[in-house]
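Structure first, then comments.
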Amino acid sequence: MPLVDSHCHLNADRFEGDLDGIVDDARGAGVERVLVPGWNVGSSERAFAVVERHPWMDVAVGVHPHDAAKVDGAGWARILGWAQDPRVVAVGETGLDYDRVFSPIDDQLANLRRNLALALETGKPSILHCRSAVGRRDAQDALLAELRAAGVGGPAWSAAFGDRPACVVHSYSGPIDYARAMIDLGLSVSFSGLVFRKGEEASAEVAALVPPDRLLIETDSPFLAPPGAPRKRNAPEWVAITARWVAACRETTVESLGPGLVAAYDETFQRASARSERPTATT
């Protein structure tokens, strides 16, 4: 049963000391693709260390909205340089967070714009975090406005990406009309353990709407553990729980869903070198 984890922070300190065991468990669960995204300069650098150890995985580099006001010019210059590395298949994660607002909104917007510009320059899709406070949708509406203002879906982005998605809506959260707008822009949509939380009920209908070649799943490890996974540290093996949920929403089986997830991952996150077959467990 092939699976993917399109967003997994194996570069987080919670995985120090037993990373190889975590990876073996993921392989045992059928996970064939893993993307390790950075959220600031230090974590982007650590993502390379993870992929150096496990070269079948992929890297994304960028600045999360929480860190938007914390990364200086020198730090951003390092992100720019790393984005050219062939092991990097995406820019991010970036986006907007109007729930916790750890960085001022103006800084978040400026950071989002430079991450989007980097995605367009490199032809590597932008990974988009988006959270509003409970009962609100202001971050979703602002993100959609920013994508349209940047011309996503227009001629420049089509020239850079062709038929591939220019962005990935990471760990989907939001109303159905927001999802439809993102799908209309040609974006990929990824679902995580967040879908099991109260207030995220609209995600079930969204999961049924996403075209197969734009559908992804993730854990957002070590966060967002789904029911049945350890609460203190989610891990990529538990993406299987979300896969079963997505399959149920789409009235299919995980066995039928899995190959399409791998194909959608490979289409969205294109590598400079060919992908190998599913690796065997480490010894």
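List of remarks:
- GNM flexibility winner over the chain from GLY95, GLY258, GLY73 (Cα, springs under 10 Å): GLY73
- The chain: most fluctuating residue of SER221, SER190, SER132 per GNM, C-alpha cutoff 10 Å: SER132
- Using a simple spin-label model with pseudo-atoms 7 Å out from Cα toward Cβ, SER256 and ARG233 lie 3.7 nm apart.
- Around the Cα centre of the chain, unit charges on the Cβ atoms of Lys, Arg, Asp and Glu (plus for the first two, minus for the last two) sum to a dipole of about 140 debye.
- Reachable lysines from LYS124, criterion Cα separation under 28 angstrom, eight or more residues apart if same chain: LYS70
- Distance between the stretch 101-122 and the stretch 170-229 - C-alpha centres, whole angstrom: 22
- Multiplying the residue separation of ARG113 and ARG180 by 0.36 nm and removing their Cα-Cα distance gives an extension gain of 21.9 nm.
- Each peptide in 135-141, 162-168, 87-93, 16-22 was scored by the mean count of other Cβ atoms within 10 Å over its residues; highest first, the order is 87-93, 162-168, 135-141, 16-22.
- Distant-in-sequence amide H partners of ALA90 (H built 1.01 Å from N, under 5 Å): VAL61
- Normalised by the number of residues in the chain, the mean separation of alpha-carbon contacts (under 8 Å, six or more apart) gives a relative contact order of 21 percent.
- Computed from backbone phi with θ = phi - 60° and the Karplus coefficients 6.51, -1.76 and 1.60, the 3J(HN,Hα) list for the stretch 258-267 is x, x, x, 5, 5, 5, 5, 4, 5, 6 Hz; x is used for glycine and proline.
- Spin-label model, VAL134 to GLU201: label points 7 Å out along the Cα-to-beta-carbon direction sit 1.5 nm apart.
- Extension gain for ALA263-ALA49 works out to 74.5 nm (0.36 nm per residue, less the C-alpha to C-alpha distance).
- Counting only residues at least eight positions apart within a chain, or on another chain, the lysines with an alpha carbon under 20 Å from that of LYS232 are LYS198.
- In whole percents, the pair-distance distribution calculated for the chain from its alpha-carbon pairs, binned every 5 Å from zero, is 1, 6, 14, 18, 21, 19, 13, 6, 2, 0.
- Counted residue by residue at 0.36 nm each, then reduced by the alpha carbon distance between them, the extension gain from ASP20 to SER158 reaches 45.8 nm.
Read-outs throughout are calculated quantities, based only on the coordinates presented, and are distinct from any laboratory measurement. Just so we're clear, the structure is a prediction, and the values are computed from it rather than from any experiment. So basically every Cβ, Gly included, is an ideal-geometry build from the backbone, and we count neighbours across all protein chains shown.
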